[in-house]
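Undergrad: One structure, as structure tokens, below. Some questions next.
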Amino acid sequence: MRNKILGFAVLAVVSAMVATGTGTGAQAQEPSTTIRKTEGAAVGAEVSHPAEWNVEREPYTYEDTYGYTLWYPDTDTAHDHGGRPALRVALAYDLEPEDIEAEVEGVMTDYPDLSLRRETVDVAREHKGVAVGTIPGSTPYTAVYVPVNGRVYKINVYADDPERRGLDVRGRGLLADVRFEEPTRSVGALDLPDANSPEALAAPVEPGLVSEEEAARRTATEEEGTARISAAPRGGGEKEISEGCFLADPRFWVQTQHGKLANENRWKGRRPGWTRIGLYNYWGEYTHGDLGYGRCVSNGYTNDKFAIDYFLRRGDAVFSPFKSGTVRFAGQRDSHKNYGKFVVIETEHGDEKYVSMSAHLDGLNVGKGDRVSEDKIIGFAGNTGAPSIPVGDPHLHQAFYRNPSYVDGAPYGGRGLQVVRHHFLGHAAGDRNGGVYTFGRKKKSDRTCRASIVCGKGYFISN
């Protein structure tokens with residue numbers, strides 16, 4: 001897209017639909033009798049919708065578009081991971097109507113391993129748009145490009161079933177309720193940063209935190225007595241497990257990612273440097289499984305069956321999980337909206353690509369293409385995701401994938417990867433030699449994990 005700013009249109013999305021929860025993992029909602037109108041001159045958008053629905057007012061532009069996202073209502077299953085988006089309506093201010101064909105062809109070229117569907121669809125009951133999808137990610141969608149009086153709109157219709165190509169009845173109904181009017185204010189007048197600009201990806205950091213945490217980890221790495229250079233278990237090799245996921249080779253090196261200052265003053269009687277395994281999510285339980293994120297082999301989603309969450313304070317350091325790797329993505333993406341700010345790192349293990357996803361970060365400390373090692377802070381813990389639906393207390397969402405595909409470095413497909421062995425330093429535990437934790441299926445507990453036992457959801461682990 002060329003860098004020019006056109007006027008931003010006043011959009012009217014009249015969402016008379018009720019939240020019936022037809023998508024994967026959604027819970028049925030009772031029809032609302034209260035209609036809320038969301039408006040704002042700076043945004044230039046007006047939305048009437050059931051009171052339970054949420055409107056995300058974007059504080060940035062995204063890839064030369066500017067708009068808003070309508071989210072399904074908060075539910076018990078959705079609450080801790082941001083729920084599900086329904087529709088993003090945005091002005092593609094750098095596109096002309098004659099650019100749509102090339103834009104659609106470019107989208108289809110980005111996903112050579114998928115059979116994206118292209119079709120002409122009705123929008124706002126009086127316009128024709130070109131739809132292409134389903135575009136994969138943690139929040140897959142069909143992109144619809146609509147020419148309106150010399151302007152172009154990009155509308156993301158988020159998928160209920162990403163394995164089904166094209167729009168379903170619900171998606172077509174959402175498009176029918178869009179209304180367009182003449183612009184009243186330019187996007188340029190809003191003076192907003194791009195979603196992946198340094199300004200948008202930065203976060204306040206305690207003075208000296210990065211240098212102190214990285215120095216401590218670097219020192220531990222260099223000490224010969226630590227378990228970080230201990231011999232790997234004999235035998236090994238990865239293996240396919242239930243639902244098509246893979247169990248990582250036990251010789252594959254992964255470390256706990258929080259620092260020695262993590263969760264300071266959080267738990268009475270515990271020094272800094274502790275966190276708990278699997279709060280909120282542990283290997284497909286609770287929110288991720290209920291929302292449909294607990295997948296192993298989907299080509300349309302990120303396969304987060306064996307993702308784990310770790311409680312942290314906002315701003316706590318998050319390290320790379322790998323001894324070495326390359327940052328494939330660092331930022332925000334509309335196909336992965338509920339991850340907020342996230343970092344993707346790739347490393348090699350034999351002939352396979354093992355990939356890390358660290359999400360909900362408050363700010364980033366690396367960029368795409370960076371080479372990182374085990375003593376590199378990649379970001380800082382937070383709860384970014386859907387601004388209108390909190391993703392719970394600040395925490396790290398950590399997933400691993402085997403041989404995923406990418407677009408611009410953001411992963412999809414491949415296989416979910418279960419990592420059982422996690423090296424730790426031991427500052428919090430008072431064990432200067434560190435060790436290796438083994439994760440498994442255990443009854444939820446607030447016990448302290450040790451290298452000699454199998455630990456599960458709720459167990460305390462040291463940095």
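Each value in this text was obtained by applying a stated rule to the coordinates, not by laboratory testing. Note that the coordinates shown come from a computational prediction; the quantities given were computed from them, not determined experimentally. Note: ideal-geometry Cβ built from the backbone for every residue, glycine included; neighbour counts use all protein chains shown.
Undergrad: Can you give the FRET efficiency to the nearest 0.05 for residue 267 and residue 297, using r as the Cβ-Cβ distance and R₀ = 35 Å?
TA: Numbers: r = 38 Å, r/R0 = 1.08.
My answer for the efficiency is 0.40.
Undergrad: Another question about this same structure. In straight Cα distance, which lysines are under 21 Å from residue 442, not counting same-chain residues fewer than 8 positions off?
TA: Counting by Cα, and skipping residues close in sequence, residue 442 has these lysines nearby: 305, 457.
Undergrad: Could you put 108, 357 in order, starting from the residue whose Cβ has the fewest other Cβ atoms within 10 Å? The partial results should precede the final answer.
TA: On the way: 108 15, 357 25.
Placing the least packed residue first, the sequence is 108, 357.
Undergrad: Show which lysines lie in cross-link reach of residue 337 when reach means a straight Cα distance below 17 angstrom and same-chain residues fewer than eight apart are skipped.
TA: Reachable lysines: 154.
Undergrad: For the residues 304, 177, what sequence is obtained by ranking on other C-beta atoms within 10 Å, fewest first?
TA: Numbers: 304 30, 177 18.
Exposure proxy ranking, most exposed first: 177, 304.
Undergrad: Something else: Ranking 197, 138, 356 by Cβ neighbours within 10 Å, fewest first, what do you get?
TA: Working: 197 13, 138 29, 356 26.
In order of increasing Cβ crowding within 10 Å: 197, 356, 138.
Undergrad: Taking 26 Å as the cut-off for C-alpha to C-alpha distance, list the pairs among 268/376; 239/323; 268/444; 353/444; 376/444; 239/376 that go past it. Can you show the working numbers first?
TA: Working: 268/376 29 Å; 239/323 22 Å; 268/444 20 Å; 353/444 32 Å; 376/444 31 Å; 239/376 30 Å.
In this structure, 268/376; 353/444; 376/444; 239/376 lie more than 26 Å apart at Cα.
Undergrad: Segment 235-274: Rg/Rh from Cα coordinates, Kirkwood Rh? Provide the component values of the computation, followed by the final result.
TA: On the way: Rg = 16.7 Å, Rh = 13.1 Å.
Radius of gyration relative to Kirkwood radius: 1.28.
Undergrad: Go through segment 400-406 residue by residue and turn each phi into a ³J(HN,Hα) via Karplus (6.51, -1.76, 1.60, θ = phi - 60°); whole Hz please, and just put x for glycine and proline.
TA: Once rounded to whole Hz, the list reads 10, 10, 10, 6, x, 8, 9.
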